[in-house]
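Comments concern the structure below.
The values are calculated or read from the model by the stated rules, or taken from the named source; none is laboratory data. Model, not experiment: these values are computed from the prediction. Positions of Cβ are generated from backbone atoms using ideal geometry, with glycine treated the same way; all protein chains shown enter the neighbour counts. Protein only, heavy atoms only, side chains kept; ligands, DNA and RNA dropped before computing areas. Shrake-Rupley method; radii C 1.70, N 1.55, O 1.52, S 1.80 Å.
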Amino acid sequence: MRVIAGKCRRLNLETIKGDNTRPTTDRIKETLFNIINDEVVDCDFLDLFAGSGQIGIEALSRYAASATFVDNYRKAIECINNNIAKCHLEEYSNVICDNVLSAIKRFKDNSFDIIFLDPPYNQGIEENILEFFDNSNVLRKNGLIIVEADINTDFSYVEKYSLELVREKKYKTNKHLFFRKTL
């Protein structure tokens with residue numbers, strides 16, 4: 001796993017041993033950032049269920065203003081901190097070790113331009129998080145929420161929120177959904 005582009009290009013990143021995380025492949029990460037490239041520069045980026053931190057680090061490498069990483073797995077937090085240090089991105093990074101829903105509920109004074117979430121697949125976690133974002137100001141006006149999910153995950157419930165599905169990119173076993181807040 002490596003940083004694809006930007007100021008940290010080609011740096012190899014540490015991954016977490018074991019089955020507790022599912023790193024996004026370089027090919028899928030490159031596709032994702034090709035889609036959002038124009039929105040990353042100077043944005044405040046939130047990486048939820050951050051794992052190794054590779055998505056937020058890729059955003060910082062592509063000149064995001066800041067990235068906040070949230071994960072509740074201590075080994076993931078250690079890995080994120082090591083990767084941030086390796087890339088010399090400490091001054092642009094905030095790392096939080098907590099349950100994602102608990103952490104985002106404390107973001108009263110923080111808001112973000114892009115929120116990326118990659119929760120454990122097929123557990124319905126993303127519905128609670130999307131409902132929270134629908135009723136909060138954590139996502140800035142015209143901001144983007146990106147959800148990585150299993151290819152078969154149903155998101156029809158989103159119609160009841162003020163979130164509009166603006167794009168869906170499917171891969172072999174998973175997909176990215178891109179939502180904007182409509183209010």
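Please determine whether any residue of the range 5-20 is open to solvent by less than 70 Å² (accessible area, probe 1.4 Å), without any contact (Cβ under 8 Å) to a residue 60 or more places away in the chain and part of a helix (DSSP H, G or I).
no
Please verify whether the range 58-68 includes one or more residues that are among the aromatic types (F, W, Y), in contact (Cβ under 8 Å) with a residue 24 or more places away in the chain and under 20 Å from L117 (Cβ atoms).
no
Here are I151, I145: which of them is among the hydrophobic types (A, V, I, L, M, F, W, C), at pLDDT 90 or above and over 19 Å from E39 (Cα atoms)?
Numbers: I145 fails: over 19 Å from E39 (Cα atoms).
Only one candidate qualifies: I151.
Out of the residues in the range 73-110 that are among the hydroxyl-bearing types (S, T, Y) and within 16 Å of S61 (Cα to Cα), which is surrounded by the most Cβ atoms within 10 Å (Cβ to Cβ)?
So the residue we want is S93.
Here is a list: F33, F45. Which entry is over 24 Å from A103 (Cα atoms) and either open to solvent by less than 50 Å² (accessible area, probe 1.4 Å) or of a type outside the set (S, T, N, Q) (or both)?
Going through F33, F45 in turn, just one is over 24 Å from A103 (Cα atoms) and either open to solvent by less than 50 Å² (accessible area, probe 1.4 Å) or of a type outside the set (S, T, N, Q) (or both): F33.
Out of everything in the range 166-183 that is assigned to a strand (DSSP E or B) and over 19 Å from Y121 (Cα atoms), what residue ends up being least open to solvent (accessible area, probe 1.4 Å)?
Filtering the range 166-183 for residues that are assigned to a strand (DSSP E or B) and over 19 Å from Y121 (Cα atoms), the one least open to solvent (accessible area, probe 1.4 Å) comes out as K181.
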